[in-house]
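Have a look at the structure below before the remarks.
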Amino acid sequence: GCNVEMKLIKHGFYPAGGGRIEASIEPGEKLSPVDILERGEVREVRARSLLSRLPGHICGRQLEVVGRRLHIGHEFCKTEMVKGSDGPGNAVIVEVESEKITEVFTSFGDKNIKAETVAQRVCDEVLNYLTAKVPAGAHLADQLLIPLAMAGGGAFRTVEPSLHTETNAWVIEKFIGAKTLMKRAGNEAWEIRVGAPS
């Protein structure tokens with residue numbers, strides 16, 4: 001029910017921050033409820049290692065772990081050297097492109113955290129998502145609740161809801177009265193249904 005365009009202006013890494021995005025939102029007349037229940041077959045898995053003001057070997061170490069654990073060929077693993085950020089930092093981004101949705105997973109580096117650990121974290125999240133055979137990962141689940149509540153309802157399938165998702169659902173109900181139902185939809189999958197505001 002609305003058109004949204006976003007553009008990354010500048011990367012930011014903790015603790016220096018300084019990242020910037022620009023968002024252009026063209027509102028529609030009304031948001032429409034939507035059901036996001038299937039992702040379809042996985043078409044491609046891609047990985048990027050981002051690095052700012054740190055030794056270059058970090059990218060190679062991160063991508064070696066991601067490539068091995070997710071069975072991604074070298075041609076789908078890219079290094080991106082970030083220029084102009086306010087501080088040093090590193091991250092691994094994995095995109096899972098399926099027939100009906102592209103889901104994005106990110107793991108950020110921190111002081112005293114090995115490059116391999118950063119990569120292992122994102123791999124664990126991606127493998128959990130792939131095993132569940134759902135369209136929405138844990139972080140997207142948090143973000144879908146508000147637009148669905150504002151649209152008057154909808155549903156999606158995801159991995160086991162996080163405490164963030166449960167808290168968001170509770171806050172939405174307190175503010176606008178929209179109830180959220182969460183139930184298992186298989187061994188690893190969950191279905192979350194958002195009701196209309198009261």
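What follows draws every value from the coordinates through simple rules; no lab data is involved. Everything numeric here is computed off the predicted structure, so don't read it as measured data. Because the Cβ atoms are built from the backbone with ideal geometry, glycine has one as well, and the counts that use them run over all protein chains shown.
Per-residue ellipticity at 222 nm from helix content only, as computed over the chain with -39500 (n - 2.57) for each DSSP H run of at least four residues, stands at -10000 deg cm²/dmol.
Placing unit charges on the Cβ atoms of the charged side chains and taking the dipole of the chain about its Cα centre, the candidate lying farthest along the positive direction among Thr180, Leu54, His164 is Leu54. Counting only other residues whose beta carbon sits under 11 Å from that of Asp86, what net charge do I get with K and R as +1, D and E as -1? Spelling it out: positives minus negatives among the neighbours equals +3.
The separation of segment 1-52 from segment 132-165, counted between C-alpha centres, amounts to 15 Å. Taking the Cα centre of the chain as reference, the dipole from Cβ charges on Lys and Arg (+1) and Asp and Glu (-1) amounts to some 420 debye.
The packing ranking of peptides 103-109, 165-171, highest mean first, is 103-109, 165-171, where packing means the average number of other beta carbon atoms within 10 angstrom of each residue.
Once semi-axes √(5λ) of the Cα gyration tensor in Å is calculated for the structure shown, the corresponding label among [x] 32, 21, 16; [y] 33, 26, 15; [z] 24, 18, 17 turns out to be [x]. Taking 0.36 nm per residue of separation and subtracting the current Cα-Cα distance, fully stretching the chain between His74 and Glu166 would add 29.3 nm.
Using R0 = 30 Å, the C-beta based FRET efficiency linking Lys10 and Ala196 works out to 0.15. Within the shell of other residues whose beta carbon sits under 14 angstrom from the beta carbon of His164, the net charge comes to -4, with Lys and Arg scored +1 and Asp and Glu -1. Checking the cross-link pairs Lys111/Lys183; Lys7/Lys78; Lys111/Lys179; Lys7/Lys183; Lys111/Lys133 against a 29 Å limit on the alpha carbon distance flags Lys111/Lys183; Lys111/Lys179; Lys7/Lys183; Lys111/Lys133 as lying beyond it.
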